[in-house]
Amino acid sequence: MTYEERAQVADSRELDRAVLSEQVRVLYGSTAVLPVNLLNAVLTAWVAQGFYPRWVLLLWVGSLTVVVSLRLYNSWLYKSEPQPNDTARRWALRFTAGATATGCLWGLSASILLLTDDPSFHVFIAFVLGGMIAGSVTIDAAFLPAMLGFGAPTAMPAILAFFARPEPTSGTMGLMSAAFVMALLLLGVRANRWIVSLARRERLRCNF
């Protein structure tokens, strides 16, 4: 490999790091909405109080509170000082870990679908989880692993629970939920491409 080729590869890698740094900046710029998780969790726990012991609901809400608090603290650490490009991947992975943990906890709420045949509760859970996933797409689309880390563990338990139920309408709800989630994720992928393209053009304009 010639010197010019090595320099071109090095420039390409530096550009990729700079673009990722912009993606991470977008991620951490939207963490102010994280407390919405806690409000929705309290409301969901109140609706679910007829299905679980109080300590189970308190444990679930408490776990979400801990995770959201850690994510807010992580965001504060990121914003407390300028971050060089070579730390972007580490911050992206930390954000993804927090999003995945949040998604796993939300996925547990789908267990309500297996405890009752009341369609109003089924619609409520589908509405809550669908709204949380839609919100995460707008927040996490800058980095696809974070978006998928939240969306997959949030959606899959509910979809599987719908299919596990014997009623024909439940299977239909499962199909519709899967289609809705896929549509949201496709929108997220398109948003991600737009963000990456915009960041790349901006970094090239500024010579990284």
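So if I check each of 54, 71, 94, which one is without any contact (Cβ under 8 Å) to a residue 12 or more places away in the chain and of a type in the set (Lys, Arg)?
Residue meeting the stated conditions: 54.
Which residue pairs have Cβ atoms under 9 Å apart, sit 6 or more places apart or on different chains, and have a first residue in the stretch 181-197 that is among the basic types (Lys, Arg) and a second that is at pLDDT below 95?
Between residues of the stretch 181-197 that are among the basic types (Lys, Arg) and residues that are at pLDDT below 95, the close pairs are 190/141.
I'm trying to understand the selection: among the residues of the stretch 93-104, which are under 21 Å from residue 135 (Cβ atoms) and over 12 Å from the mean Cα position of the chain (by Cα)?
Result: 94, single match.
What about residue 154, is it assigned to a helix (DSSP H, G or I), closer than 21 Å to residue 52 by Cα, hydroxyl-bearing (Ser, Thr, Tyr) and touching a residue at least 60 places away in the same chain (Cβ under 8 Å)?
It is false that residue 154 is assigned to a helix (DSSP H, G or I), closer than 21 Å to residue 52 by Cα, hydroxyl-bearing (Ser, Thr, Tyr) and touching a residue at least 60 places away in the same chain (Cβ under 8 Å).
Hey, any hits in the stretch 83-90 for a residue that's buried (at least 16 other Cβ atoms within 10 Å of the Cβ), over 24 Å from residue 138 (Cα atoms), at pLDDT below 95 and in contact with a helix residue (DSSP H, G or I) (Cβ under 7 Å, 6 or more places away or on another chain)?
No: the stretch 83-90 contains no residue that is buried (at least 16 other Cβ atoms within 10 Å of the Cβ), over 24 Å from residue 138 (Cα atoms), at pLDDT below 95 and in contact with a helix residue (DSSP H, G or I) (Cβ under 7 Å, 6 or more places away or on another chain).
Take residue 155 and tell me if it is buried (at least 19 other Cβ atoms within 10 Å of the Cβ), among the hydrophobic types (A, V, I, L, M, F, W, C) and in contact with a helix residue (DSSP H, G or I) (Cβ under 9 Å, 6 or more places away or on another chain).
yes
Return the residues of the stretch 140-152 that are in contact with a Leu (Cβ under 9 Å, 6 or more places away or on another chain) and crowded, with 23+ Cβ neighbours inside 10 Å; say none if nothing qualifies.
140, 141, 142, 143, 146, 147, 151
Just the residues that are assigned to a helix (DSSP H, G or I) and modelled with pLDDT under 90, please, taken from the stretch 23-45.
31, 32, 33
Looking at 61, 66, which is the one that is β-branched (Val, Ile, Thr), exposed (fewer than 15 other Cβ atoms within 10 Å of the Cβ) and over 16 Å from the mean Cα position of the chain (by Cα)?
None of the other options fit; the residue is 66.
Just a yes or no: is a residue in the stretch 159-172 in contact (Cβ under 8 Å) with a residue 60 or more places away in the chain, at negative phi and part of a helix (DSSP H, G or I)?
Checked the stretch 159-172: no residue is in contact (Cβ under 8 Å) with a residue 60 or more places away in the chain, at negative phi and part of a helix (DSSP H, G or I).
Output yes when any residue across the stretch 69-92 is among the β-branched types (Val, Ile, Thr), within 19 Å of the chain's Cα centre (by Cα) and assigned to a helix (DSSP H, G or I), and no when none is.
Scanning the stretch 69-92, I find no residue that is among the β-branched types (Val, Ile, Thr), within 19 Å of the chain's Cα centre (by Cα) and assigned to a helix (DSSP H, G or I), so the answer is no.
The values are calculated or read from the model by the stated rules, or taken from the named source; none is laboratory data. Note that this is a predicted model, so its numbers are computed, not measured. We place every Cβ from the backbone using ideal geometry, glycine too, and count neighbours over all the protein chains shown.
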